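Every read-out reported here was derived from the displayed coordinates using simple, explicitly stated rules and does not represent laboratory data. As the structure is a computational prediction, the values presented were derived from the model and not from experiment. Don't worry about glycine lacking a Cβ; one is built from the backbone with ideal geometry, like all the others, and counts go over all protein chains shown.
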């Protein structure tokens, strides 16, 4: 079976690496040739060529749609697995493919929560696709960790997961700023509060950065229309400014 991983950034590189441990024919494609060579060595194509399975790990929804178009130029009815965050309604735009939404849950530097060793959701656009996916994925992960859902839920679940984490971190940032004004030890307060079994005040480090949490929070805003999300963004901006000024 030929497997093609498209997008070899933070997520795609890890997916490629895990697949390559067991599969004999895994290919890596990235618009950045240096990144493709770094991750996949000589096992790279400049452009997408026909494969049995295409796994898309691009960053933006628009990139995912462009990649699907490229795949369909070489394969009339491809089997595509999207391991990326996409905007709500995107799956309906992808026609005449066997489509699986398999949003990643990857925590950098955390072997316990890596690629195929943790609970994950998935959705397929047909029963035939579902059979194909399970036949494929069983070689790489325990299927008891898979939780089937609908395409619509699979689209929005990942952005909401990250948006909730964004809000939790923003709350911790707001609390830390309040503690500093009141001359209260934030870390000690956090430790005390977290002794309650159902409370988990997050750490307040140097602000919510990176690519995924801010992007997914904005996607969630389109769904929730929530003032909470707007407030969390403003708190994070204020906190990051204060941290920079220290």
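Among bridges DSSP assigns within the chain, what percent are antiparallel (round to 5)?
Close to 10 percent.
In whole Å, what is the distance between the alpha-carbon centres of region 146-192 and region 1-20?
Cα centres, region 146-192 to region 1-20: 29 Å.
Provide 122, 16 in ascending order of the number of other Cβ atoms located within 10 Å of each residue's Cβ, fewest first.
122, 16
Using 7 Å Cα-to-Cβ label points, what is the residue 1/residue 230 separation (nm, one decimal)?
According to this spin-label approximation, the distance is 4.7 nm.
Between residue 113 and residue 188, what is the spin-label point distance in nm, taking each point 7 Å from the Cα along the Cα→C-beta axis?
The answer from the label model is 3.0 nm.
Taking other Cβ within 10 Å of each residue's Cβ, how do 201, 5, 74 sort, fewest first?
74, 201, 5
Taking a virtual spin label 7 Å from the Cα of residue 215 along the C-beta vector, which residues in region 1-22 bring their backbone nitrogen under 18 Å of it?
From region 1-22, the list is 5-16.
Could you line up 83, 233 from fewest to most neighbouring Cβ atoms inside 10 Å?
Details: 83 25, 233 18.
The fewest-first ordering by Cβ neighbours comes to 233, 83.
So how tilted is helix 227-245 from the main axis of the chain? Cα-based, degrees 0 to 90, rounded to 10.
It works out to around 70 degrees.
By how many degrees, between 0 and 90 and to the nearest 10, does the Cα long axis of helix 212-224 differ from the longest principal axis of the chain?
Long axis of 212-224 versus the principal axis of the chain: about 90 degrees.
Counting only helical runs of four or more DSSP H residues, what would the 222 nm mean residue ellipticity of the chain come to if each run contributes -39,500 (n - 2.57) and the total is spread over all its residues?
Value at 222 nm, helices only: -15500 deg cm²/dmol.
Kindly identify region 2-149 as rounded, prolate or oblate by the Cα gyration tensor criterion: order the square roots of the eigenvalues as a ≥ b ≥ c, call it rounded if a/c is under 1.5, otherwise compare a/b with b/c, prolate if a/b is larger, else oblate.
Values: a/c = 1.37, a/b = 1.03, b/c = 1.33.
In terms of gyration-tensor shape, rounded.
Report the calculated FRET efficiency for residue 10 and residue 131 (r = Cβ-Cβ distance, R0 = 35 Å), to the nearest 0.05. List each step's numbers first, then the result.
On the way: r = 31 Å, r/R0 = 0.87.
Given R0 = 35 Å and the Cβ-Cβ separation, E is 0.70.
So which residue, out of 64, 193, 39, gets the largest mean-square fluctuation from a GNM of the chain using Cα contacts under 10 Å as springs?
193
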